[in-house]
Amino acid sequence: MIPKHLFSTRTISKDFVEQIFSLASKIEANPDQFADKCKGKILASLFFEPSTRTRLSFESAMLRLGGQILGFTDAKVSSTVKGESIADTLRMINHYSDIAVIRHYIEGVGEIAKKFASIPVISGGTGSQEHPTQALLDLYSIKKEFKGIDNLSIGVMGDLLYGRTIPSLLFALAKYDNIDLHLIAPPALKLRKNVALRLKENGFKFNTEENLKDIIPDLDVLYMTRIQKERFPDPVDYERLKGVYQISTEDIKNVKDRFIILHPLPRVDEIDYAIDKTKHSRYFEQAHNGVWIRMALILKYLGLD
Ligand code: NCD
């Protein structure tokens with residue numbers, strides 16, 4: 001069963017996640033075979049917040065499937081500035097396109113989509129709440145690297161409070177077995193209580209730490225995130241916390257041979273550029289995987305897989 005819209009990785013089954021991975025890897029192996037699959041279909045790309053990778057990879061995905069796109073990249077050029085509600089925008093989109101991706105700052109936009117959208121709507125990131133398609137490409141990247149997701153030791157470091165990729169990543173990881181999970185953040189940027197609670201309810205255990213140094217030799221994956229400057233209610237707090245975690249080649253001297261670093265990007269200063277050239281960096285490959293995952297999602301949600 002797939003939910004009509006995709007706003008959370010909590011409400012999708014492991015079976016659905018695996019179906020997306022298997023379709024994405026078929027597409028990746030042979031993209032030309034899928035070049036006409038979405039002929040005559042339109043993706044509405046509604047970005048009320050800035051985006052580089054998510055928007056471009058969704059649009060690239062639709063174009064590579066032979067479909068077309070319409071939309072906007074900035075709320076300022078939409079009727080939002082005239083006072084239109086998101087509910088009305090979604091009502092309109094039903095008639096203009098076959099599927100939509102929406103990035104919105106309102107947490108709970110998924111609930112509005114449920115009420116007003118008759119076409120499938122996929123979140124391209126919702127406030128600080130979730131970013132489900134990012135989590136799918138994150139896990140796909142892990143799976144490609146390690147041939148599976150079970151039994152890995154994974155560190156997630158940075159802004160666990162405001163980063164929306166984090167809840168989605170953790171809800172998705174919770175579907176797998178024997179993950180040795182370490183959440184590394186300063187106390188002020190700890191995982192939200194409701195997210196921690198939901199994970200615990202599902203029996204998903206994790207360790208919380210403040211320092212990477214002691215655990216990095218045990219990790220298979222380090223998932224870094226940026227401190228989300230734009231989400232801080234008080235800029236003084238951001239100034240206090242910015243740059244709190246930065247890694248350089250010095251920090252990865254004692255890592256496992258197979259250790260990799262992921263990051264949803266954009267990075268600010270948390271990963272030194274010198275790490276890009278090491279065998280441990282995978283964030284650019286990870287971003288590339290977004291195209292295959294989003295092609296698979298579009299096909300699945302349009303029933304064309
Ligand atoms: C992330 C986002 O927008 O949530 N980027 C992305 O979509 N790849 C991460 C971020 O902005 O830090």
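The values are calculated or read from the model by the stated rules, or taken from the named source; none is laboratory data. All of these numbers come straight from a predicted model, not from anything done at the bench. Note that each Cβ is placed from the backbone with ideal geometry, even for glycine, and that neighbours are counted across all protein chains shown. SASA here: full protein model, heavy atoms, side chains in, ligands and nucleic acids out. Shrake-Rupley method; radii C 1.70, N 1.55, O 1.52, S 1.80 Å.
Of all residues in segment 213-228, how many are away from the ligand (no atom under 16 Å from the Cβ) and outside any helix (DSSP H, G or I)? Don't jump to the end; show me each part of the working.
Within segment 213-228, the subset away from the ligand (no atom under 16 Å from the Cβ) is 213-221.
Pick out the ones that are also outside any helix (DSSP H, G or I) and you get 213-215, 219-221.
Looking only at that region, the number is 6.
Looking only at residues in segment 263-304 that are β-branched (Val, Ile, Thr) and away from the ligand (no atom under 16 Å from the Cβ), which one is most open to solvent (accessible area, probe 1.4 Å)?
Residues of segment 263-304 that are β-branched (Val, Ile, Thr), as a first pass: 268, 271, 275, 278, 291, 293, 298.
Of the ones still in play, those that are also away from the ligand (no atom under 16 Å from the Cβ) are 275, 278, 298.
Working: 275: 0, 278: 38, 298: 0 Å².
Among them, the one singled out is 278.
Could you tell me which of the residues 102, 149, 154, 93 is crowded, with 16+ Cβ neighbours inside 10 Å, more than 16 Å from the ligand (Cβ to nearest atom) and not assigned by TED's automatic domain parsing to the domain that holds residue 224? Write out each step before concluding.
Working: 102 fails: more than 16 Å from the ligand (Cβ to nearest atom); 149 fails: not assigned by TED's automatic domain parsing to the domain that holds residue 224; 154 fails: not assigned by TED's automatic domain parsing to the domain that holds residue 224.
Exactly one residue qualifies, and that residue is 93.
Are any of the residues in segment 33-46 part of a helix (DSSP H, G or I) and away from the ligand (no atom under 15 Å from the Cβ)?
Residues of segment 33-46 that are part of a helix (DSSP H, G or I), as a first pass: 33-34.
Filter once more, keeping what is away from the ligand (no atom under 15 Å from the Cβ): 33-34.
The answer is yes; a qualifying residue exists.
If only one of 9, 52 is within 16 Å of the ligand (Cβ to nearest atom), loosely packed, with under 14 Cβ neighbours inside 10 Å and polar (S, T, N, Q), which one is it?
On the way: 9 fails: loosely packed, with under 14 Cβ neighbours inside 10 Å.
Being within 16 Å of the ligand (Cβ to nearest atom), loosely packed, with under 14 Cβ neighbours inside 10 Å and polar (S, T, N, Q) holds for just one of 9, 52, which is 52.
What's the number of the only condition in (1) buried (at least 24 other Cβ atoms within 10 Å of the Cβ); (2) modelled with pLDDT of 95 or more that residue 113 fails to meet?
It fails just one condition, (2).
How about segment 5-22: which of its residues are over 22 Å from residue 44 (Cα atoms) and hydrophobic (A, V, I, L, M, F, W, C)? Talk me through it step by step, then tell me what you get.
Keep residues of segment 5-22 that are over 22 Å from residue 44 (Cα atoms), which gives 10-19, 21-22.
Answer for segment 5-22, where residues must be over 22 Å from residue 44 (Cα atoms) and hydrophobic (A, V, I, L, M, F, W, C): 12, 16, 17, 21.
Could you list, in sequence order, all residues of segment 118-127 that are in contact with a strand residue (DSSP E or B) (Cβ under 7 Å, 6 or more places away or on another chain) and away from the ligand (no atom under 16 Å from the Cβ)?
119, 120, 121
Given the criteria in contact with a helix residue (DSSP H, G or I) (Cβ under 9 Å, 6 or more places away or on another chain), on the phi < 0 side of the Ramachandran plot and in a loop (DSSP other than H, G, I, E, B), does residue 140 qualify?
Values: in contact with a helix residue (DSSP H, G or I) (Cβ under 9 Å, 6 or more places away or on another chain): yes; on the phi < 0 side of the Ramachandran plot: yes; in a loop (DSSP other than H, G, I, E, B): no.
Judged against the criteria, residue 140 is not a match.
Look through 130, 210 and report the one residue that is within 16 Å of the ligand (Cβ to nearest atom) and either open to solvent by 10 Å² or more (accessible area, probe 1.4 Å) or among the acidic types (Asp, Glu) (or both). Full working, then the answer.
Numbers: 210 fails: within 16 Å of the ligand (Cβ to nearest atom).
After ruling out the rest, the residue left standing is 130.
Hey, among 164, 240, 231, which residue is open to solvent by 20 Å² or more (accessible area, probe 1.4 Å), within 14 Å of the ligand (Cβ to nearest atom) and more than 30 Å from residue 257 (Cα to Cα)?
None of the others qualify; the one that does is 231.
Among the numbered criteria (1) over 16 Å from the mean Cα position of the chain (by Cα); (2) more than 16 Å from the ligand (Cβ to nearest atom); (3) surrounded by fewer than 21 Cβ atoms within 10 Å (Cβ to Cβ); (4) in a helix (DSSP H, G or I), which one does residue 62 miss?
The one condition residue 62 does not meet is (3).
Just for segment 168-207: of the residues that are in a helix (DSSP H, G or I) and among the charged types (D, E, K, R), which one is least open to solvent (accessible area, probe 1.4 Å)?
Looking only at segment 168-207, we keep the residues that are in a helix (DSSP H, G or I), and these are 168-173, 187-189, 193-201.
Checking the rest, the ones that are also among the charged types (D, E, K, R) come to 193, 198, 200-201.
Working: 193: 179, 198: 89, 200: 129, 201: 138 Å².
Filtering first and then ranking leaves 198.
For residue 260, state whether it is crowded, with 18+ Cβ neighbours inside 10 Å, within 24 Å of residue 147 (Cα to Cα), in the same structural domain as residue 174 (by TED's automatic domain parsing) and touching a strand residue (DSSP E or B) at 6+ places or on another chain (Cβ under 6 Å).
Numbers: crowded, with 18+ Cβ neighbours inside 10 Å: yes; within 24 Å of residue 147 (Cα to Cα): yes; in the same structural domain as residue 174 (by TED's automatic domain parsing): yes; touching a strand residue (DSSP E or B) at 6+ places or on another chain (Cβ under 6 Å): yes.
Yes, satisfied.
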